[in-house]
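**Student:** Pasting a structure here, questions to come.
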Amino acid sequence: MTLWLDTLLILVFLTNLRLLGSSRLGASVRVVALQGVVLGLLALASRGGDLTGHVLFLAAVSMALKGVVFPRLLFRALREARVRREVEPFVGYTSSLLVGAAMLGLSLWVGTRLPLPTAVASPVVVPVALFTILSGLFLIVSRKKALTQVLGYLVLENGIYIFGVALAQEAPLIVELGVLLDVFVAVFVMGITMFHINREFDDLDTEQMASLKD
């Protein structure tokens, strides 16, 4: 079971690197969808053989929202905006991968020194969670397209979700579902924001919003 868990965590790590180096928005949405499915499987793998109805329900809801519902909403926004690539980001893709390598090193360093309240199922779960959070934050601040920033928010939340799966083993179901509901509402709000940005400027470049100050 530990081998399965480590394999899933490596997949999360690889999806983060793929997002940092990708300019194609459609491919990035698919990668985030894949990451959502992997996180649902991660919730199962972290429990070992103790697969209660609570765990199965949480994993199913997580995979449905992160792997199906959110990507469909984002693909719809992508089609309506008629945009395919992230053009001229604040930080280039090669530089983003170098920053990603630095963030990975920092995550490994902090993850091995961070005091934890309980034992974790894998020694790499905390570093991967930290790296996912940092990757999401970096996507938010280094990209110009609103849709890519929404993807960054989802990746950031995925990192928090990994922390919860790894450390909050006894968290009530209502708390875990409440987190997913918050993300669901946030994606809807971001979708409305993207619609208005695209309608006003015929583009999803958030730099265009600076013109509102004039």
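**Student:** Using a 7 Å offset from the Cα along the Cα-to-Cβ direction at both Leu137 and Thr7, what is the distance between the two label points in nm, to one decimal?
**Tutor:** Label-label distance for Leu137 and Thr7, simple model: 3.2 nm.
**Student:** Given a Förster distance of 22 Å, report the FRET efficiency between Leu14 and Phe75 from their Cβ-Cβ distance, rounded to the nearest 0.05.
**Tutor:** 0.50
**Student:** For Trp109 and Ala64, compute 0.36 nm times the residue count separating them, minus their Cα-Cα distance, and round to one decimal in nm.
**Tutor:** 12.9 nm
**Student:** Over the Cα atoms of the stretch 93-153, what radius of gyration and what Dmax do you get, in Å?
**Tutor:** Expressed in Å, the Cα Rg and Dmax of the stretch 93-153 come to 13.3, 40.
**Student:** Okay, next question. Could you give each residue of the stretch 95-110 its phi-based ³J(HN,Hα) in whole Hz, using Karplus coefficients 6.51, -1.76, 1.60 with θ = phi - 60°, and x for Gly or Pro?
**Tutor:** Working through the residues one at a time gives 5, 5, 5, 5, 5, x, 4, 5, 5, 5, x, 4, 5, 5, 5, 5 Hz.
**Student:** Arg143's amide H: which non-local residues (gap 5+, or another chain) put their own amide H closer than 5 Å, with H modeled 1.01 Å from N in plane and none for Pro or chain starts?
**Tutor:** So Arg143 has HN proximity to Phe90.
Read-outs: derived from the displayed coordinates by stated rules, not from any lab. In this text the structure is predicted, and so the values were computed from the model without any measurement. Heads up, the Cβs are rebuilt from the backbone with ideal geometry, glycines too, and the neighbour counts pull from every protein chain shown.
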